[in-house]
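Peer 1: Okay, here's the structure, questions in a sec.
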Amino acid sequence: MRIQPIQPIQPTRSARLDVPATRALPVLRRPRLPFSPWHLLLVPLALLFAAPLVWLLLSSVMSNAEINRFPPALWPSHVDFAGYRYVLENALFVRWFTNSLIVSAVTVVSNLLFGTLGGYAFARMRFTGSRALLALMVATMAIPFQLTMIPTFLVMKKLGLIDSLGALIVPSLVTPFAVFLLRQFFLSLPRELEEAAWIDGCSRLRVLFTIVLPLSRPALSTVAVLTFLSTWNDLTWPLIAVNHDTTYTLQLGLTTFQGQHHTNWAAVMAGNVITVLPVLLAFLGAQKTFIQSVTSSGLKG
């Protein structure tokens, strides 16, 4: 049997037509901004919130005539430091600044110490009534100061601290917010680090101060900044607790620049600039750790 060779299939006419190669369509890329799109919203908001601070700075170098002029001047015709001279030449201004610094520093240190001890106890130790006590402590944060103002004054009077810096320090030695914030941060830390230290024979206090606290710098910085802000800017309680001008804080002392018939607004603005400057520097210095603490302690909005 003879096998016939297979004839190659001749391509049809349509198959012989040259099919042009398909060209890749150009990919349209969206123009990328050199910054985040959120900046389009955040920058105008930042300028809006910074406007009062800028106006305060400009007003501090104006004369009283320019400040009291109507319509008000938005830009000083010439730089006038009379307000700063009036403030710095006031003999009591340095005393007021020192009083505010002492009260704020002691309050910050005490909140860091007692807040750390209380927050660690609520985070790692279980005792009878711990949950109820924590809930009661957090509930006190919702009580306005106006309700506790009179009882606090009576307690300070019984202790003999009225009209002294002690009356400004003792009620703020520890705050529920400091304990709660540090407790939330301690809960986010792994227990394995502490358990390893306990196996090596470390006590709870040694574990707290040698292992936990070095890892808690963001939370400690946040407590320090917020405590400093609230204490430095407090006016209501010093207005009630102290009467003599030598025990005034800076906020209370600045109110004396506003007289009954005449107010030296240039001095008031200059004093406010000096008052805001430490707060602004403290916040800018701890801004990174402040954001890190809020995002890692479960307090995100």
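Peer 1: Step by step: first the residues of the range 82-117, then only those that are more than 30 Å from residue 172 (Cα to Cα) and without any contact (Cβ under 8 Å) to a residue 24 or more places away in the chain, then the one that is least open to solvent (accessible area, probe 1.4 Å). Which residue is that?
Peer 2: The extreme case among them is 85.
Peer 1: Further question on the same structure: Go through the range 149-183 and count every residue that is under 16 Å from residue 226 (Cβ atoms) and part of a loop (DSSP other than H, G, I, E, B).
Peer 2: Of the residues in that region, 3 qualify.
Peer 1: Give all pairs with beta carbons closer than 8 Å in which a residue from the range 39-65 that is more than 16 Å from residue 77 (Cβ to Cβ) and assigned to a helix (DSSP H, G or I) meets a residue that is of a type outside the set (A, V, I, L, M, F, W, C) and open to solvent by 40 Å² or more (accessible area, probe 1.4 Å); count only pairs at least 6 apart in sequence or on separate chains.
Peer 2: What qualifies is 56/272.
Peer 1: A further question on this structure: Identify the single condition in (1) outside any helix (DSSP H, G or I); (2) at pLDDT below 85 that residue 256 does not satisfy, given that it satisfies every other one.
Peer 2: Result: residue 256 fails condition (1) only.
Peer 1: Looking only at residues in the range 199-241 that are touching a residue at least 12 places away in the same chain (Cβ under 8 Å) and outside any helix (DSSP H, G or I), which one is surrounded by the most Cβ atoms within 10 Å (Cβ to Cβ)?
Peer 2: Per the stated criteria, the residue is 216.
Peer 1: Considering only residues that are outside any loop (DSSP other than H, G, I, E, B) and either among the polar types (S, T, N, Q) or in contact (Cβ under 8 Å) with a residue 40 or more places away in the chain (or both), look in the range 118-132 and name the one that is surrounded by the fewest Cβ atoms within 10 Å (Cβ to Cβ).
Peer 2: Among those residues, the one meeting the criterion is 130.
The values are calculated or read from the model by the stated rules, or taken from the named source; none is laboratory data. Computed from a prediction, not measured in an experiment: that's the story for all the values here. For neighbour counting, all protein chains shown are included, and Cβ atoms are generated from backbone atoms with ideal geometry for every residue, glycine included. Just the protein is used for accessible areas: all its heavy atoms, side chains included, with ligands, DNA and RNA removed. Shrake-Rupley method; radii C 1.70, N 1.55, O 1.52, S 1.80 Å.
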